[in-house]
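Written below as structure tokens is the structure these notes are about.
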């Protein structure tokens, strides 16, 4: 198998595109996390938050938050505490030797990186376990 190839993603795309078409259409979008109120999420029953890292919190291969979301990220940490994590298709996967990238991200951003064997959309077990 090609390193980094995401079979789960390809299969899920085909399933969503041809079987469950409504799943292939975004139901809403936001410009970045600063437009989301974490207090409202918690009040609506959300128990935690899972973020993607690249292009959501940081640039790819960079472990520094976008300046525009630093305050919002702090608000999420205040509201959700350790019930926040990152799920990445690189850091925390089998492609991440000895989880070195995951550990560095945890040190740099102060947020857990989930360890999982399957790339998104697989890996839900790690979310539930966390």
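Where a number appears in this text, it was derived from the coordinates with a stated rule and is not lab data. As the structure is a prediction and not an experimental result, all values here were calculated from the model. Backbone-built Cβ (ideal geometry, glycine too); neighbour counts: all protein chains shown.
Going highest first, how would you order 64-75, 40-51 by mean Cβ packing within 10 Å?
Ranking the peptides 64-75, 40-51 by packing returns 64-75, 40-51.
For each of 21, 77, 53, count neighbouring Cβ atoms within 10 Å of the residue's Cβ, then give the residues from fewest to most.
The fewest-first ordering by Cβ neighbours comes to 21, 77, 53.
Gain in length, residue 56 to residue 103, computed as 0.36 nm per residue apart minus the alpha-carbon separation, to one decimal in nm?
Extra length available between residue 56 and residue 103 comes to 15.1 nm.
May I ask you to derive the relative contact order of the chain, considering only C-alpha pairs under 8 Å and at least 6 residues apart, and to give it as an integer percent?
The normalised contact order for the chain reaches 25 percent.
Return the FRET efficiency for the residue pair residue 47, residue 95: r is the Cβ-Cβ distance, R0 is 25 Å, and the value is rounded to the nearest 0.05.
0.30
Mind pulling up the Rg/Rh value for the chain? Radius of gyration and Kirkwood radius, both on Cα.
Result: Rg/Rh = 0.97.
What list of whole percents do you get for P(r) of segment 68-130, with Cα-Cα distances grouped in 5 Å bins up to the one holding the largest distance?
Once binned at 5 Å, the Cα pair distances of segment 68-130 give 4, 19, 25, 24, 17, 10, 2.
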